[in-house]
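The structure appears below as C-alpha cells.
The values are calculated or read from the model by the stated rules, or taken from the named source; none is laboratory data. This structure is a prediction, so every number in the text was calculated from the model and none was measured. Glycine gets a Cβ as well: all are built from the backbone with ideal geometry, and neighbour counts include every protein chain shown. Side chains are part of the model used for accessible areas, which takes the heavy atoms of the whole protein and leaves out ligands, DNA and RNA. Shrake-Rupley method; radii C 1.70, N 1.55, O 1.52, S 1.80 Å.
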Amino acid sequence: MSAEPRINDRIRVPEVRLVGPSGEQVGIVPLAKALELAQEYDLDLVEVAANARPPVCKLMDYGKFKYESAMKAREARKNQAHTVIKEMKLRPKIDPHDYDTKKGHVVRFLKQGDKVKITIMFRGREQSRPELGYRLLQRLAEDVQDLGFIESNPKQDGRNMIMVLGPHKKKTEAMAEAREAQAARKADAKANPGKSQNAADDEPAEASAEAPAEASAEA
C-alpha cells in the first residue's frame, strides 16, 4: 500500500470533514463542494485522516507540503546523534610523552560526545601485575574527569584490561557546539581574509597530526 494520502479526484467518499487552508474547521461538506473550494483557492484537497468517519480532508498546496516535509526529515537526519565508541590502546608501562598524546586523543573524543574504550594490553610477565593497568586507568579517568566519567569500571579480559569512559556532554550538544564554532570561524575568516589564508596554510599539518586518532592507537 502507498503511504501517499489520497488527493483531489482520488478521494472516493460522498462527504468529508473539511479543514480550511489556515486550519479552520469548515465542517462536514459533500465531496463535490470540497473539490469546488479547492479549485477556488487554487489548492489541493488532501485526505489527512482516512479512517475518520467521515474522512478528514484539508485544503493545502500539496507539492509545497511534500517539499517542506522532505526538508524537515533531511534536517532531522542531519542532526541525528549516533553513539560512537572510540578505542584507545595503552601499555601498562607507557612513557610520559606517549601517555600525554593518548590522553589528548581521549580528550578530543569526549569533547565530540563519543564514548571511549580504553584497553590496557599486558604482555609476558606484565600479566602478573594487573594493578599497573588499574592504576593507569584510574589516572586517565581522573585526568579527563571534567569531560567524561567511568561508564564501565576496569575489568580484566584475557590479556587486556578494559574501561569505558562516557562523555558528560551529549552527542547532540557536541554537534551543535561544533557547528557554532565552524560558523564563528567562517565569520572570522570573512572579516580577516589574511588570517584565514594563514590558517589554511596550517591545515594540512593539523589534519596529518590528528589522523591517527580516528583509529585504535597502540603504545
Can you find even one residue in region 101-115 that is under 15 Å from Ser152 (Cα atoms), among the basic types (Lys, Arg) and touching a residue at least 24 places away in the same chain (Cβ under 8 Å)?
-> yes
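Assess whether Glu47 counts as being within 30 Å of Leu136 (Cβ to Cβ), surrounded by 15 or more Cβ atoms within 10 Å (Cβ to Cβ) and out of contact with any Asp or Glu (no Cβ under 6 Å at 6 or more places or on another chain). Explain how you work it out, then say what you get.
Details: within 30 Å of Leu136 (Cβ to Cβ): no; surrounded by 15 or more Cβ atoms within 10 Å (Cβ to Cβ): yes; out of contact with any Asp or Glu (no Cβ under 6 Å at 6 or more places or on another chain): yes.
Considered against the rule, which asks whether it is within 30 Å of Leu136 (Cβ to Cβ), surrounded by 15 or more Cβ atoms within 10 Å (Cβ to Cβ) and out of contact with any Asp or Glu (no Cβ under 6 Å at 6 or more places or on another chain), Glu47 comes out as no.
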Out of (1) under 30 Å from Leu165 (Cβ atoms); (2) out of contact with any strand residue (DSSP E or B) (no Cβ under 9 Å at 6 or more places or on another chain), the one Tyr67 does not meet is (1)
Looking only at region 6-42, and only at residues there that are surrounded by 13 or more Cβ atoms within 10 Å (Cβ to Cβ) and either at pLDDT below 90 or among the small types (Gly, Ala, Ser) (or both), the one that is farthest from Tyr67 (Cα to Cα) | Ala34
Residue check, Leu110 closer than 30 Å to Arg179 by Cβ, hydrophobic (A, V, I, L, M, F, W, C) and touching a His at 6+ places or on another chain (Cβ under 9 Å) | yes
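When only residues in region 146-188 that are of a type in the set (A, V, I, L, M) and within 30 Å of Glu126 (Cβ to Cβ) count, which is farthest from the chain's Cα centre (by Cα)? Spell out how you get there, then give the answer.
Keep residues of region 146-188 that are of a type in the set (A, V, I, L, M), which gives 147, 150, 161-165, 174-176, 178, 181, 183-184, 187.
Still in the list and also within 30 Å of Glu126 (Cβ to Cβ): 147, 150, 161-165.
Values: Leu147: 18, Ile150: 22, Met161: 30, Ile162: 26, Met163: 24, Val164: 20, Leu165: 19 Å.
If we take residues in region 146-188 being of a type in the set (A, V, I, L, M) and within 30 Å of Glu126 (Cβ to Cβ), then Met161 is farthest from the chain's Cα centre (by Cα).
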The one condition in (1) in contact with a helix residue (DSSP H, G or I) (Cβ under 8 Å, 6 or more places away or on another chain); (2) over 15 Å from Ile7 (Cα atoms) that Val46 fails to fulfil | (2)
Considering only strands (runs of 3 or more DSSP E) wholly within region 58-168, the ones with at least 3 residues that are at negative phi and open to solvent by 60 Å² or more (accessible area, probe 1.4 Å) are 148-157
